[in-house]
1. Against the definition (under 30 Å from Arg25 (Cα atoms) and either part of a loop (DSSP other than H, G, I, E, B) or in contact (Cβ under 8 Å) with a residue 60 or more places away in the chain (or both)), how does Glu35 come out, yes or no?
2. Scan Ala4, Ala33 and give me the residue that is surrounded by 10 or more Cβ atoms within 10 Å (Cβ to Cβ), hydrophobic (A, V, I, L, M, F, W, C) and modelled with pLDDT under 90.
3. One residue is enough: does the range 46-61 have a residue meeting the conditions surrounded by 10 or more Cβ atoms within 10 Å (Cβ to Cβ), at pLDDT 90 or above, among the charged types (D, E, K, R) and not in a helix (DSSP H, G or I)?
4. Looking at the structure I just gave you, is Ala20 modelled with pLDDT under 90 and surrounded by 10 or more Cβ atoms within 10 Å (Cβ to Cβ)?
Amino acid sequence: MSTATRGFASMSRDRLRQIAAKGGRNGHLMGKAHEFTTETAAIAGRKGGATVSKDRNHMIAIGRKGAKVRNGILGS
């Protein structure tokens, strides 16, 4: 039996979404699910942005790519 035809791999996307939604609702009912506030979301965004911007080569690459798109060198 192929591993692709067992468990979650054999389910439709709709069925997977139903199961995930059940888990999410249950987590909130139990008080165990994380809920972002405006402040915690802002802190998380700053933390992620600071981490990404530390990689100078990455920032150079995305800046260059943005300029090329703006100038029509790259396709959209």
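1. The answer is yes for Glu35.
2. Result: Ala33 is the single residue among Ala4, Ala33 that is surrounded by 10 or more Cβ atoms within 10 Å (Cβ to Cβ), hydrophobic (A, V, I, L, M, F, W, C) and modelled with pLDDT under 90.
3. Yes, that holds for at least one residue.
4. Answer is no for this residue.
The values are calculated or read from the model by the stated rules, or taken from the named source; none is laboratory data. All figures in this text were calculated on a predicted structure; none of them were measured in a lab. All Cβ positions, even for glycine, are placed from backbone atoms using ideal geometry, and neighbour counts span all protein chains on display.
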